[in-house]
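Colleague: The structure follows.
Read the figures in this text as sums done on the coordinates, not as results from a lab. Fair warning: this is a prediction, and the values are worked out from it, not measured in the lab. All Cβ positions, even for glycine, are placed from backbone atoms using ideal geometry, and neighbour counts span all protein chains on display.
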Amino acid sequence: MQGLLAQRVVIVTGAGSGIGRAAAEVMAREGAIVIASDLKLASAEETAQHISASGGRAIAIGTDVSKLDELDALHDFTIKEFGRLDGAFNNAGIPGPGAALADHDEAAFDTLVAINLKAVWYGMKRQIELMLPRGGGAIVNTASVGGIVGKPGLSVYCATKHAVIGLTKTAALEYGSRGVRVNAVCPGVIRTPMVDMVIAAQPDTASEWDKLQPIGRMGTSEEIGEAVAWLMSPRASLVHGHALVADGGLTVA
Ligand SMILES: NC(=O)c1ccc[n+]([C@@H]2O[C@H](COP(=O)([O-])OP(=O)(O)OC[C@H]3O[C@@H](n4cnc5c(N)ncnc54)[C@H](O)[C@@H]3O)[C@@H](O)[C@H]2O)c1
């Protein structure tokens, strides 16, 4: 298949839903061979089936990114199946817990840090080790507008996303000269299944969240998927160490 990412072998974490699923689908449409990984294997399989049904190539694997041995298994599996890794979208993440800083408990802190931050660091570590001997590759990490500004009720979440941008910028400086291009994407308010669930329970939230972004609506997962596919592709060859904000103007208001 031709496209921005023809024949590139790309890992996507959190590929069973929302932004991860959309990015996997856009990248597959652009010719990538996608390793769709998610905590929920059935959801990852559904993503891989969508891709196959549309003529793309994808394979599903269950991975809890908060377990380093499972991240090892994901990368080992990729090499065993395809012999190389060209790109990775470190995207799996959780929100919350929606309480002021003094009301966060240690367990919530540890879980957010394990999934949103430590897993991104360890994933990048494995990816860089695999990419360097082959002359490089491209990594995109999911941060958030919560990595650029603070958000009440989301202190630890915001801390993890600021840290993801820190990892992205530093890795870009350390590995850019050896061909590994590293960037982050910072979505604004994106209407993913998680957001749909909140809206189903509290219908007024939809119009409130639409108004948050100056474009007058929430973003779609596909819009983030397009940004990720471009960052992953050689068309973004000069874009390095960048945290690309895709938020309908939220952070410039
Ligand atoms: N939706 C938004 O408005 C928004 C805004 C900014 C940033 N983000 C970020 O985008 C990323 C994707 O979020 P989304 O909105 O698509 O959410 P989502 O809930 O629709 O998808 C997240 C996926 O990650 C998986 N996941 C959760 N914990 C995991 C774990 N331990 N190991 C592996 N997979 C795991 C889930 O099973 C799910 O399939 C997250 O990093 C999130 O912080 C989302």
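Colleague: For the pair T220/L41, report the inter-label distance in nm, with labels modelled 7 Å from Cα in the Cβ direction.
Modeller: Placing both labels 7 Å along Cα→Cβ, they lie 3.2 nm apart.
Colleague: With a cut-off of at most 16 other beta carbons within 10 Å, and DSSP calling the residue loop, which chymotrypsin sites (Phe, Trp or Tyr not before Pro) in region 117-217 qualify? Please list them.
Modeller: Values: sites: W121, Y122, Y157, Y175, W209; in loops: none.
In loop regions of region 117-217 (DSSP not H, G, I, E or B), there are no sparsely surrounded chymotrypsin sites (Phe, Trp or Tyr not before Pro).
Colleague: Classify region 33-136 as rounded, prolate or oblate, taking a ≥ b ≥ c as the square roots of the eigenvalues of its Cα gyration tensor: rounded when a/c is under 1.5, otherwise prolate if a/b is larger than b/c and oblate if not. Walk me through the numbers before you get to the answer.
Modeller: Details: a/c = 2.68, a/b = 1.54, b/c = 1.74.
Oblate.
Colleague: Where nothing but the Cβ of Lys and Arg (+1) and of Asp and Glu (-1) is charged, how large is the charge dipole of region 107-168 around its Cα centre, in debye to the nearest 20? Please report the intermediate quantities before stating the final value.
Modeller: Values: 6 positive and 2 negative charges, 18 e Å.
Approximately 80 debye in magnitude.
Colleague: State, as an integer percentage, the relative contact order of the chain based on alpha-carbon contacts under 8 Å between residues 6 or more apart. Could the numbers behind the result be given before it?
Modeller: Details: 541 pairs, mean separation 50.9, N = 253.
Computed over the chain, the figure is 20 percent.
Colleague: A further question on this structure: With +1 on each Lys and Arg Cβ and -1 on each Asp and Glu Cβ, how big is the dipole of region 32-157 about its Cα centre, in debye rounded to the nearest 20? Write down the numbers at each step before the final one.
Modeller: Working: 10 positive and 15 negative charges, 101 e Å.
That gives region 32-157 a dipole magnitude of about 480 debye.
Colleague: A further question on this structure: Does anyone have the angle between helix 155-175 and the longest principal axis of the chain? Alpha-carbon axes, 0 to 90°, nearest 10?
Modeller: Orientation of helix 155-175: about 30 degrees from the principal axis.
Colleague: Let me ask something else about it. Using the beta-carbon distance between D204 and D72 and R0 = 41 Å, what value does 1/(1 + (r/R0)^6) give for FRET efficiency, to the nearest 0.05?
Modeller: Details: r = 45 Å, r/R0 = 1.09.
According to the calculation, E is roughly 0.35.
Colleague: Using the crude model of +1 on Lys and Arg Cβ and -1 on Asp and Glu Cβ, and no other charge, please compute the dipole size for the chain relative to its Cα centre, in debye to 20.
Modeller: Details: 21 positive and 26 negative charges, 182 e Å.
The dipole magnitude comes to about 880 debye.
Colleague: Also: Treat the chain as a sphere of radius equal to its Kirkwood radius over Cα pairs and apply Stokes-Einstein at 25 °C in a medium of 0.890 mPa s; give the translational diffusion coefficient in µm²/s, rounded to a whole number. Don't skip to the answer; put the middle values down first.
Modeller: Values: Rh = 18.1 Å.
D = 136 µm²/s.
Colleague: Hey, another quick one. Place +1 on the Cβ of every Lys and Arg and -1 on the Cβ of every Asp and Glu in region 132-253, take the dipole about the Cα centre, and give the residue among G219, P203, V182 whose Cα lies farthest towards its positive end.
Modeller: With unit charges placed on the Cβ atoms, the residue in question is V182.
Colleague: If you don't mind, there's one more thing I want to ask. Please compute the modelled spin-label separation between T251 and R134, points set 7 Å along Cα→Cβ, answer in nm with one decimal.
Modeller: With each label placed 7 Å out from Cα toward Cβ, I get 3.0 nm.
Colleague: How many angstrom separate the Cα center of region 165-210 from the Cα center of region 3-60?
Modeller: 18
Colleague: Which of the lysines could a cross-linker bridge to K161, judged by Cα under 25 Å and excluding same-chain residues fewer than eight apart?
Modeller: K40, K67, K118, K125, K151, K169, K211
Colleague: Further question on the same structure: Subtract the Cα-Cα distance of T170 and L238 from 0.36 nm times their separation in residues, and report this length gain in nm to one decimal. Each step should come with its number before you reach the end.
Modeller: Details: separation 68, 0.36 × 68 = 24.48 nm, distance 1.63 nm.
Contour length minus the Cα-Cα distance gives 22.8 nm.
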